[in-house]
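Values quoted throughout were computed directly from the atomic coordinates according to the rules given, and no laboratory measurement underlies them. Remember, it's a predicted structure, so these values are computed and weren't measured experimentally. Backbone-built Cβ (ideal geometry, glycine too); neighbour counts: all protein chains shown.
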């Protein structure tokens, strides 16, 4: 659905993007991750035709954004970092203007706008002037704008920035609901957001793609899990001793005390499931296990690894 | 294009600036009308029109200052650039909205020649032809000024900067005629030939020059085209 080939963007001497390529299949939600200034917005701006690349191609459903801008742009709904709102218009006037701009047929218009306003929950406010709306509602109007014309591709640049936690959850739910009819690229630097809604991830750093793959691939990238969080009732030194002497355990670190239980992080040697020996040893010592949970690498860790690795290579 | 035009028109009617500028303009014209026509008992409204041509230098940039600068400041420029319409449509739509506002202001002033008509004995005005010619010139001059100031405003995201650069550019155009006259020779002649105001005075004295008509239209289109190029250029930088 979306194909980005060897995209490079040069701002004077600074290379904002350096030979970036990736693709998004129909129906996917791609999380586009990266630290601030990594080139996320630049990529999205090129993809939507706002700016042009120095070289390379961005192809939307077969239409090149440079060679065939009109057709390509019809397929895209874009919510930039700052929602592009005319503050002096009411929501209804604004969305009607967007319909005009995107060439939505007059007779389909009312039903479509009603749908969208219901979906983003701004129907009751349609007569309100945008200037007077709260930030969360402005964001929703921005999202409504992107949905007008029912584009197949949605490109959302940090859609939850500056919203309160309740609004963030609502917007995420909404994005989740949109996945059935749209292919979505979502840029963010909030990693839990990617975990919550995305199926695939591209991590970009300093204008280059640092890593990419599906979210589940990422979080269990290590193959078998060899880290466990374990919570045991008893005295800390006694537990520590048992854990350290357990066969297969490579490293034990104390995390914290939670009421009468101690929590430890246990690492085993690779490819060895240490859970059974742990149970046996601890029960022999009459130390009841309250919780035993494998710890996969979180996206946070992967992200920081990837970003740091680049920094090290550079040095 | 019509979409952009409609949006700009509604924005003009919503903001107080258009009303203020129209009111201010009417006061100025009224004043000149009083001095040039009533006090000096002249039936020629074209004399007044000729005098107020200078004030367009300050009025036109205020009409065009928000057209492009505001879009950049509010971030709505993204919307226009990523919508399936061309930059040419955006520029022409906005220009036509500004032109409509100017045209409405010019139409308002026709109340003065109508007053003259009633004041003239017998109710016929022998100067009607000349006044009409002066109006054509006035509108052409305004049209070309609108295009120039729209072009200068395409460089900035601040309305103030857009207005100031517009006034300065129009002042340069305004003085081109007198500079040309002072310099004399071929270079002075060229400057004079290019001055929009020199051509305007031809219209106000009742001589209709076809070359001038072409000149104004070309002038306007050239600057609109330059505006489109300037905006497109930013995509690539």
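General remarks:
- Among B:193, B:236, a tally of other beta-carbon atoms within 10 Å of each Cβ gives an order, fewest to most, of B:236, B:193.
- Highest-MSF residue in chain B out of B:94, B:192, B:66 [GNM, Cα springs under 10 Å]: B:192
- When the Gaussian network model of chain B links Cα atoms closer than 10 Å, the mean-square fluctuations of B:75, B:93, B:189 top out at B:75.
- Taking every C-alpha pair closer than 8 Å and separated by at least 6 residues, the mean separation divided by the residue count of the range B:2-236 gives a relative contact order of 27 percent.
- Size descriptors for the range B:2-236: radius of gyration and Dmax over Cα atoms are 18.8, 65 Å.
- All Cα-Cα distances of chain A, cut into 10 Å bins from zero to the largest, leave 6, 22, 25, 19, 13, 10, 4, 0 percent in each bin in turn.
- Where labels lie 7 Å past Cα in the beta-carbon direction, separation of residue A:54 and residue B:179 in nm: 3.8
- Kirkwood-type radius of the range B:74-114, with distances r between different C-alpha atoms, in Å: 12.3
- Mean Cα-pair separation over length for the range A:2-219, i.e. relative contact order, pairs under 8 Å, 6 or more apart, %: 30
- Between B:211, B:162, B:51, the GNM of chain B built on Cα springs shorter than 10 angstrom shows B:211 fluctuating the most.
- Exposure proxy ranking, count of Cβ atoms within 10 Å, fewest first, for A:180, A:57: A:180, A:57
- As a calculated quantity, the FRET efficiency between residue A:107 and residue B:158 at R0 = 45 Å, using C-beta atoms, amounts to about 0.60.
- Kirkwood radius and radius of gyration were both taken over the C-alpha atoms of the range A:227-294, and their ratio Rg/Rh is 0.91.
- Percent of alpha-carbon pairs separated by more than 47 Å within the protein assembly as shown: 36
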